[in-house]
Every structure is written in C-alpha cells, then in structure tokens.
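Structure record follows, encoded as structure tokens.
The values are calculated or read from the model by the stated rules, or taken from the named source; none is laboratory data. Keep in mind the model is a prediction, meaning the values are calculated, not measured. Cβ placement follows ideal geometry from the backbone for every residue including glycine, while neighbour counts extend to all protein chains displayed. Heads up: the accessible areas ignore ligands, DNA and RNA and are worked out on the full protein's heavy atoms, side chains in. Shrake-Rupley method; radii C 1.70, N 1.55, O 1.52, S 1.80 Å.
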Amino acid sequence: MIIAEGLLEYLTEEEVQTLLTRCTDAFPHGQIAFDVINSLALQAGKRELRKTPRAEYKWAVDTSAAVDQLNPRLKRIADQPLYSSSPYRRELPWQFRVMYSIFALFPNVRTTLRLLHYQF
C-alpha cells in the first residue's frame with residue numbers, strides 16, 4: 001500500500017505520471033491512495049502558498065478520469081470528495097459537519113479536495 005498524501009499537487013502532471021509508472025513497475029500488484037485538488041483549489045491555494053518560499057501547486061484534477069488515463073495499470077477503487085458524505089464525518093465537531101454539508105451543495109467546492117484510491 002502506497003500512500004502519497006499532500007504530495008502530488010506539488011508535482012507537474014508529467015512528474016505524477018512518471019511517479020505512478022515507477023510505482024506500478026516496481027511492484028507486481030498493490031494499491032495507491034492519494035489526495036488531489038481541483039482547479040478552484042489550485043487557484044485559491046496559489047495566493048496562500050506565495051507566503052511559503054518555493055511551494056507551488058502545479059497539478060489539479062477536475063475529473064478522476066484524467067488520473068485514470070495516466071497509467072493503464074491503475075484501476076480506480078474509490079473517489080471520495082472530502083466534503084461529501086463519509087462515514088468519518090460523524091466524528092467531526094458539529095460546526096465542521098454543518099460547514100461540510102454547505103460546501104457539498106456546490107459541485108466545484110465539493111470536489112476541491114478528493115481522496116483517490118487505486119489498485120494495480
């Protein structure tokens with residue numbers, strides 16, 4: 001199981017494709033999970049990241065189908081938007097549950113951060 005949380009948005013699409021290829025070439029089978037941001041989050045985050053030297057969002061994913069095409073060995077198991085229903089949301093303080101429910105009403109906001117899970 002490979003977990004690449006908080007990493008891929010700082011790479012270019014070509015670098016992500018290379019990394020995924022190296023992972024699937026190095027192991028005969030396995031799983032990989034990572035988070036992705038969409039274009040809205042990338043643009044919003046650029047303002048904040050200017051405060052951090054050399055930190056820059058480079059890759060955004062607006063549809064999980066775009067990730068599916070990066071490596072033919074990857075088969076998507078799950079695509080979980082952070083702000084949508086999740087069994088773990090009930091563990092959050094009520095203020096966050098309300099806020100996430102409001103965010104989930106807007107498709108572009110609902111998918112600003114998603115967790116993707118693949119097997120190969």
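Looking across segment 13-32, not a single residue is among the polar types (S, T, N, Q) and exposed (fewer than 11 other Cβ atoms within 10 Å of the Cβ).
Here are some residues: D35, D79, D62. Which one is closer than 16 Å to L116 by Cα, out of contact with any strand residue (DSSP E or B) (no Cβ under 9 Å at 6 or more places or on another chain) and surrounded by 13 or more Cβ atoms within 10 Å (Cβ to Cβ)? Lay out the reasoning, then the answer.
Working: D35 fails: out of contact with any strand residue (DSSP E or B) (no Cβ under 9 Å at 6 or more places or on another chain); D79 fails: out of contact with any strand residue (DSSP E or B) (no Cβ under 9 Å at 6 or more places or on another chain).
Checking each option against the conditions leaves just D62.
Considering only residues that are polar (S, T, N, Q) and in a helix (DSSP H, G or I), look in segment 9-42 and name the one that is nearest to K58 (Cα to Cα). Walk me through it before giving the result.
Start the filter on segment 9-42 by keeping residues that are polar (S, T, N, Q), which leaves 12, 17-18, 21, 24, 31, 38-39.
Then drop every residue that is not in a helix (DSSP H, G or I), which leaves 17-18, 21, 24, 39.
Numbers: Q17: 13, T18: 15, T21: 19, T24: 22, S39: 10 Å.
Ranking the qualifying residues of segment 9-42, first place goes to S39.
Considering each residue of segment 66-120, count those that are closer than 25 Å to A44 by Cβ and among the basic types (K, R), and give that number. Of the residues in segment 66-120, 4 are closer than 25 Å to A44 by Cβ and among the basic types (K, R). Pairs meeting the criteria (first residue in segment 95-106 and surrounded by 11 or more Cβ atoms within 10 Å (Cβ to Cβ), second residue assigned to a helix (DSSP H, G or I), beta carbons under 6 Å, at least 6 apart or on different chains) are R97/R89; F103/V109; A104/R110. For segment 52-79, the set of residues classified as assigned to a loop (DSSP other than H, G, I, E, B) and of a type in the set (D, E) consists of E56, D62, listed by residue number.
What are the pairs, 6+ residues apart or on separate chains, where a residue within segment 26-41 that is touching a residue at least 24 places away in the same chain (Cβ under 8 Å) has its Cβ under 7 Å from a residue that is part of a strand (DSSP E or B) and open to solvent by 70 Å² or more (accessible area, probe 1.4 Å)? Note: pairs meeting the criteria are Q31/Q119; A33/I3; A33/L115; D35/L115.
Taking V61 as the residue in question, decide whether it is within 14 Å of the chain's Cα centre (by Cα) and modelled with pLDDT of 95 or more.
Values: within 14 Å of the chain's Cα centre (by Cα): yes; modelled with pLDDT of 95 or more: yes.
Considered against the rule, which asks whether it is within 14 Å of the chain's Cα centre (by Cα) and modelled with pLDDT of 95 or more, V61 comes out as yes.
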